[in-house]
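The values are calculated or read from the model by the stated rules, or taken from the named source; none is laboratory data. Note that the structure is a prediction, hence the values are computed from the model and not measured. Note that each Cβ is placed from the backbone with ideal geometry, even for glycine, and that neighbours are counted across all protein chains shown.
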Amino acid sequence: MDAFLHQVLAGLATGGIYASLALALVMIYQATHLVNFAQGELAMFATYIAWSLINAGVPYWPAFFLTVIFAFVLGVVIERVIIRPVEKAPVLVVVVVFIALLVILNSVAGWIYSYTIKTFPSPFPAEPVFGKYMSAHEAGAIGVTLVVLLLLYAFFRFTPLGLAMRAAAQNPESARLVGIRVGWMLALGWGLAAAIGGVAGMMVAPIVYLDPNMMGGVLLYAFAAALVGGIDNPGGAVLGGFMVGVLENVLGAFVIGNELKLAVALVLIIGVLVVKPSGFFGKVFVTRV
Amino acid sequence: MTPKLVPIAALLAAALASPAAFAQKKYDPGANDKEIRVGNTNPYSGPASAYGTIGKSIGAYFKMVNDQGGINGRKVVWISYDDGYSPPKTVEMARKLVEQDQVLFLFQTLGTPSNTAIHKYMNAKKVPQAFVATGATKWNDPRNFPWTMGWQPNYQTEGRIYAEHILKNNPKAKIGILYQNDDYGKDYLNGFKDGLGAKAASMIVKEVSYEVTDPTVDSQIVQLQASGADTFFNITTPKFSAQAIRKAYDTGWKPTHYLNNVGASVGAALKPAGLEKSVGLISTAYYKDPLDPQWKDDPSVKAWEAFMKKYYPEGNLADQSNMYGYTVAQTLHQVLKQAGNNLTRANIMKQAASLKDYRPETMLPGIRMNTSFNDYAPIESEQLIRFDGQQWQRFGPIIGK
Amino acid sequence: MTRRQLIPIAGLLLAACALPLLVSDYRVFQFNLVLVYAIALLGLNLLTGYNGQISLGHGAFYAIGAYCAAILMDKYGVPYWATLPVAGAVCLLVGFLFGLPALRLEGLYLALATFALGVSLPSLLKYHHLEKWTGGVQGIVITKPEPPFGLPINADQWLYYFTLAVAIVMFLLAWNLLRGRVGRALVAIRDNHIATEVMGVNNAMYKSLAFGVSAMYTGVAGALGAIAIQYVAPDSFNIFLSIVFLVGIVVGGLASISGAIYGALFIQFVPNIADEISKAAPWAIFGIFLIGFVYLMPMGVAGAVRMAVARLQRKAQNGK
């Protein structure tokens, strides 16, 4: 029983990692109706910027906020400069642009920072919480993710800007008619997603150590988590992240062994999606013929 | 003559002929009066990109050698391609190097699957696949593959060393193993189990694997702790070694912790994990860890630092791969020096197979390289080391040949 | 096909046949891989370009085909040419079986499902219970086939011609399939699956069949690839391969048969070119190439060629 609890808590800790990136994926989906495969690399790149700042002597929290701002600006710039020319192209073309972004960011990070792992500091104390089951940082990271989630929720639900963004994504034509600058809404969405990704990266790096391939493995889990929770539901994505983390750990430790745990976890998730195509908490869209 | 004896006979014939041939210049494609072309593939991208620094450090070393006048008056032309750790790409790049770039031989091609993919090709083409950058056991097979030679102590030997240490010091140990689920991990695992012999089944209480794409190995550490193991054999690469060391400490699990040499870098694994969390780690070594304070004033390490600053400034001084690259490059330097003016492929292999007690000074004291026509394993000895919180203390005798 | 269209195709075939006699063995090997990728991309294009079902996991079918060939050749001594139909049949079945539950999934969700397939396959290949057949992490080494009947060409050239022959057959089959009822049904389903359902087209059967046939093509390509490389290992078939295939069909041209060839040329040669341009960050250069290609040619190279040809034809007509 003790072992089981330990695995569950460890699963929640890794789940927190997936949840934070899943939030960024959902954010960009809500703004653009596209899943950005380069989200992980954007997060990783932002984290390296933070590392450079901290290495240059900037204290943690100022570096943190500077990085969030930098990531936001980077997201906006990428949308306006790189994504805008292919806005009208078929979806797969945009996907290929995302893939190109992914390899570019990964390669440039490796070139500038090399591939050896770097430590990234944590703002949380070093003593473990919950006895020996979870470190303070892991608990803190989960907390940060939840705070970001709340902020996002409030933003979309209660602010006019959030409403405008949702409108621009759902129905660009009508949104334009009521005066919403759809182009800038998309850019804003990208900026926010990049900023959230930056936060995710800075929370994840102390656990997995910073290197250019840091987010590669995480992206798949985050993608699965976002879908299982409902791709248009930030809360669902976070919950999905925790579910995926715990599922993976429990499967690996008690059911199928570590070799196949990824395959089985994914099969289960896809099984869920076959039965409930919008995920657990997503909205079901009924299209009129 | 049977096919297997032909290559040995050829080498013997070359050996007998060599004194007269030394003064004469003999060239195979890739060598001439001015240069020696050396080919290489390394994973500069992809999941194993952390090792790409080896190729870069070797390139930097030969830049230094060229600046100092070259080898026997010839410059070394270092041609290294990225294979992304993907065997099909390695095949393509190896063929490019041999058939298009016309290199004299390949050196330090990295990765077990990558080298397996070109193993037959290199031997069919009779081009040396020299000092490959993998610890798999299959490279020491001069009868069947006379053109392929390894360099580092192989993983199975290292696994056996730990097994023997456990059998001697804690025969009732309950062992938990974490291994990377690929060729390298499995090689260590097999060597370890071999070393335990008949007691393997009873002593190993838990074996868990992980993939390079896994974000963390925390779950695996938790599983190992829950199994009640009091001894831990940790077969991981530096990033995951750091995670494993840290998690084991944080969960309060205090096993006798054996860490494979690949992950035992102070800079790349122990420091990120936390030096205080790494106390008591046991590993083996055959060359000096650049970040280990005991070598602070060692002239060879200082020479390496000067080399890095001048020729590979963007290289990480904390990464022991850069020391590895420097040391293996020196080995090739020695072989090429020995070859003199006879720069045929056969002679390159012959010289590589004629190392007698050779040691670059960056290797640990007492460890030397020996090769012969039926011994294609240059380094077969290692030293057990234990981490005391500050540095790796060598203990016990040098194990191996 | 009109006589007009036949001329460039005949010219291309002639060039393809003459190639091995004109270039070095290394280049023949590279073009062999181009042919292999062209078949694989044709398969993926059938599914994603013509039928609109996205697949981020086609590398898995490539791997299954490759391992079929390797296991048959290594463990059962089957001659290399006989492994192709087996690889094709196995992948046809697997693809079809995968396509069935995938019917319920659309767009993103299908992408995830195929992504999952692509990601999990290496772990399956390494699974220790299957090690007896797959060789586990060590992989399987196979011997290169020699030219038959003592033909005066070397092994590389023979394999190229063999692959070329298979490619011609597969391309002809695909062309025939796509210009008939099946092709129209597939495209119609892609464009408006509700309308096709209403009109009595059996969506489910066509979509699953599309998966199966697409997998079959990529599986045959995998087998040919394994024979050319002479080695299969789990590391050769990771998710990046699937992504590269997707990039290939988009750059080459979705819903286009010639697109498969352009795409294959792109994914084989552009990474090498990028490596020559920059040793420090070659994949960044590749990414820039990629963005350049899709900006300049959003319909793929095939689309751009089509437009260029149309423009030339219009000019010729206006000139009359």
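A few comments on the model shown:
- Residue ID - farthest from the other protein chains (Cβ to nearest Cβ), chosen from residues in the range B:184-220 that are more than 22 Å from C:Gly136 (Cα to Cα) and among the β-branched types (Val, Ile, Thr): B:Val205
- If you check A:Tyr48, A:Tyr18 for being modelled with pLDDT of 90 or more, under 30 Å from A:Val94 (Cβ atoms) and within 14 Å of chain B (Cβ to nearest Cβ), only one passes: A:Tyr18.
- None of A:Val35, A:Val86 is within 14 Å of chain C (Cβ to nearest Cβ), without any contact (Cβ under 8 Å) to a residue 24 or more places away in the chain, more than 20 Å from A:Ile207 (Cβ to Cβ) and among the aliphatic types (A, V, I, L, M) except A:Val86.
- Going through (1) farther than 22 Å from C:Gly183 by Cβ; (2) more than 14 Å from chain B (Cβ to nearest Cβ); (3) under 17 Å from the mean Cα position of the chain (by Cα); (4) part of a helix (DSSP H, G or I) one by one, C:Asn45 falls short only on (1).
- Filter result for the condition that a residue is away from chain B (no Cβ under 14 Å) and touching a Leu at 6+ places or on another chain (Cβ under 6 Å), over C:Ile39, C:Ile54, C:Ile64: C:Ile54
- Any chance A:Ser135 is hydroxyl-bearing (Ser, Thr, Tyr) and within 14 Å of chain B (Cβ to nearest Cβ): yes
- Complete set of residues in the range C:104-123 that are within 7 Å of chain A (Cβ to nearest Cβ) and not in a helix (DSSP H, G or I): C:Arg104, C:Leu105
- The single condition from (1) more than 23 Å from A:Thr119 (Cβ to Cβ); (2) under 26 Å from the mean Cα position of the chain (by Cα); (3) not aromatic (Phe, Trp, Tyr) that B:Leu224 fails is (2).
Each row is one residue, and each column tells you yes or no for (1) surrounded by fewer than 22 Cβ atoms within 10 Å (Cβ to Cβ); (2) of a type outside the set (Val, Ile, Thr).
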{"residue": "C:His58", "(1), (2)": "no, yes"}
{"residue": "C:Tyr62", "(1), (2)": "no, yes"}
{"residue": "C:Gly65", "(1), (2)": "no, yes"}
{"residue": "C:Cys68", "(1), (2)": "no, yes"}
{"residue": "C:Asp74", "(1), (2)": "yes, yes"}
{"residue": "C:Pro79", "(1), (2)": "yes, yes"}
{"residue": "C:Val86", "(1), (2)": "yes, no"}
{"residue": "C:Cys91", "(1), (2)": "no, yes"}
{"residue": "C:Gly95", "(1), (2)": "no, yes"}
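- Residue count, the range C:82-103 (criterion: assigned to a helix (DSSP H, G or I), over 16 Å from the mean Cα position of the chain (by Cα) and closer than 22 Å to C:Asn202 by Cβ): 9
- When we screen B:Val76, B:Val132 for residues that are hydrophobic (A, V, I, L, M, F, W, C) and within 28 Å of C:Thr143 (Cβ to Cβ), the only hit is B:Val132.
- Qualifying positions in the range B:84-116 - crowded, with 24+ Cβ neighbours inside 10 Å, more than 7 Å from chain C (Cβ to nearest Cβ) and within 21 Å of B:Lys186 (Cβ to Cβ): B:Thr90, B:Thr109, B:Gly111, B:Thr112, B:Ser114, B:Asn115
- Answer from A:Ile180, A:Ile207 - the residue that is touching an Asp or Glu at 6+ places or on another chain (Cβ under 9 Å) and either over 21 Å from B:Ser241 (Cα atoms) or within 13 Å of chain B (Cβ to nearest Cβ) (or both): A:Ile207
- Residue that is crowded, with 18+ Cβ neighbours inside 10 Å, within 14 Å of another protein chain (Cβ to nearest Cβ), in contact (Cβ under 8 Å) with a residue 60 or more places away in the chain and among the β-branched types (Val, Ile, Thr), where the choices are C:Ile142, C:Ile189: C:Ile142
- Tally of residues being touching a Leu at 6+ places or on another chain (Cβ under 9 Å) and either crowded, with 21+ Cβ neighbours inside 10 Å or assigned to a loop (DSSP other than H, G, I, E, B) (or both) across the range B:326-344: 5
- Flag for A:Leu66 being in a helix (DSSP H, G or I), over 23 Å from A:Ala22 (Cα atoms) and among the aliphatic types (A, V, I, L, M): no
- One residue stands out in the range A:96-131 among those that are touching a helix residue (DSSP H, G or I) at 6+ places or on another chain (Cβ under 9 Å), facing another protein chain (nearest Cβ under 10 Å) and surrounded by fewer than 17 Cβ atoms within 10 Å (Cβ to Cβ): the one that is farthest from B:Ser265 (Cα to Cα), namely A:Glu127.
- Residue match in the range B:360-369 (condition: more than 20 Å from the chain's Cα centre (by Cα), surrounded by 21 or more Cβ atoms within 10 Å (Cβ to Cβ) and of a type in the set (A, V, I, L, M)): no
- Test: residue in the range A:134-145 that is surrounded by 16 or more Cβ atoms within 10 Å (Cβ to Cβ) and among the polar types (S, T, N, Q): yes
- Matching residues in the range C:255-292 - criterion: being within 9 Å of chain A (Cβ to nearest Cβ), of a type in the set (A, V, I, L, M) and closer than 17 Å to C:Leu241 by Cβ: C:Leu290
- Selection within the range B:272-297 - more than 14 Å from every other protein chain (Cβ to nearest Cβ), assigned to a helix (DSSP H, G or I) and either of a type in the set (S, T, N, Q) or farther than 26 Å from A:Phe120 by Cβ (or both): B:Gln294, B:Trp295
- Residues of the range B:367-397 satisfying the condition of being within 19 Å of B:Gln320 (Cβ to Cβ) and out of contact with any Phe, Trp or Tyr (no Cβ under 9 Å at 6 or more places or on another chain): B:Phe387, B:Asp388, B:Gly389, B:Gln390, B:Trp392, B:Arg394
- Only listed residue being more than 14 Å from chain A (Cβ to nearest Cβ) and charged (D, E, K, R), chosen from C:Lys126, C:Lys132: C:Lys132
- Qualifying positions in the range B:130-175 - closer than 28 Å to B:Phe105 by Cα, of a type in the set (Lys, Arg) and part of a loop (DSSP other than H, G, I, E, B): B:Arg143
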